[in-house]
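The values are calculated or read from the model by the stated rules, or taken from the named source; none is laboratory data. As the structure is a computational prediction, the values presented were derived from the model and not from experiment. Heads up, the Cβs are rebuilt from the backbone with ideal geometry, glycines too, and the neighbour counts pull from every protein chain shown.
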């Protein structure tokens, strides 16, 4: 499914993602260039659950937790091997929604092999809007 949306229309993308995942336990890989809107999507996603947590990209901390069931990762500076060596694979076993910025196809394939429910949200800049492609 593809959706073109401006920042003002981002709620429609959040709603579409929520309809296409198991909101009790899923992993969503966020793919897109720098400044494509991955963290902005996460902010709006967290707000959609009524949470007031301050959402920032966890580039240096690797993980942030919002409420008690939304996990946010940024693996831009980490290889898949480094991510695994830090024990973060076990984090995905926690019930909740796991949003992973810079999650690539290698990570997706590995997670699927372990039996996780994985969706991919690809974000592309298109003029003053974004194109969101949901693969769930």
(request) Report the residue count in region 1-34 for those that are free of Cβ contacts under 8 Å to residues at least 40 places away in the same chain and not in a helix (DSSP H, G or I). (result) 1
(request) Quick one: count up the residues across region 109-133 that are closer than 18 Å to residue 25 by Cβ and under 12 Å from the mean Cα position of the chain (by Cα). (result) 4
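Any residue that is in a loop (DSSP other than H, G, I, E, B) and surrounded by 12 or more Cβ atoms within 10 Å (Cβ to Cβ) - is there at least one of those in region 119-133? Walk me through how you get there before you give the answer.
We begin by selecting, within region 119-133, every residue in a loop (DSSP other than H, G, I, E, B); these are 127-128.
With the extra rule that they be surrounded by 12 or more Cβ atoms within 10 Å (Cβ to Cβ), the set shrinks to none.
So far as region 119-133 goes, no, none of its residues is in a loop (DSSP other than H, G, I, E, B) and surrounded by 12 or more Cβ atoms within 10 Å (Cβ to Cβ).
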(request) Having 2 or more residues that are touching a residue at least 40 places away in the same chain (Cβ under 8 Å) and under 22 Å from residue 46 (Cα atoms) is the bar; report the strands (runs of 3 or more DSSP E) wholly within region 59-108 that clear it. (result) 96-101
(message) Out of the residues in region 53-73 meeting the condition of being within 23 Å of residue 15 (Cα to Cα) and modelled with pLDDT under 90, tell me which one is surrounded by the most Cβ atoms within 10 Å (Cβ to Cβ).
(response) 57
(message) Take residue 104 and tell me if it is surrounded by fewer than 20 Cβ atoms within 10 Å (Cβ to Cβ), at pLDDT below 95, under 24 Å from residue 5 (Cβ atoms) and in contact with a helix residue (DSSP H, G or I) (Cβ under 8 Å, 6 or more places away or on another chain).
(response) yes
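Quick check on my filter: what residues within region 82-96 are surrounded by 12 or more Cβ atoms within 10 Å (Cβ to Cβ) and either over 22 Å from residue 55 (Cβ atoms) or out of contact with any helix residue (DSSP H, G or I) (no Cβ under 8 Å at 6 or more places or on another chain) (or both)?
Let us first name the residues in region 82-96 that are surrounded by 12 or more Cβ atoms within 10 Å (Cβ to Cβ), namely 82-84, 86, 88-89, 91-92, 94, 96.
Across region 82-96, the qualifying residues are 82, 84, 86, 88, 89, 91, 94, 96.
Does residue 50 meet the test of being out of contact with any strand residue (DSSP E or B) (no Cβ under 8 Å at 6 or more places or on another chain), closer than 21 Å to residue 92 by Cβ and either without any contact (Cβ under 8 Å) to a residue 60 or more places away in the chain or surrounded by fewer than 16 Cβ atoms within 10 Å (Cβ to Cβ) (or both)? Give the steps one after another, and end with the answer.
Values: out of contact with any strand residue (DSSP E or B) (no Cβ under 8 Å at 6 or more places or on another chain): yes; closer than 21 Å to residue 92 by Cβ: no; either without any contact (Cβ under 8 Å) to a residue 60 or more places away in the chain or surrounded by fewer than 16 Cβ atoms within 10 Å (Cβ to Cβ) (or both): yes.
Answer is no for this residue.
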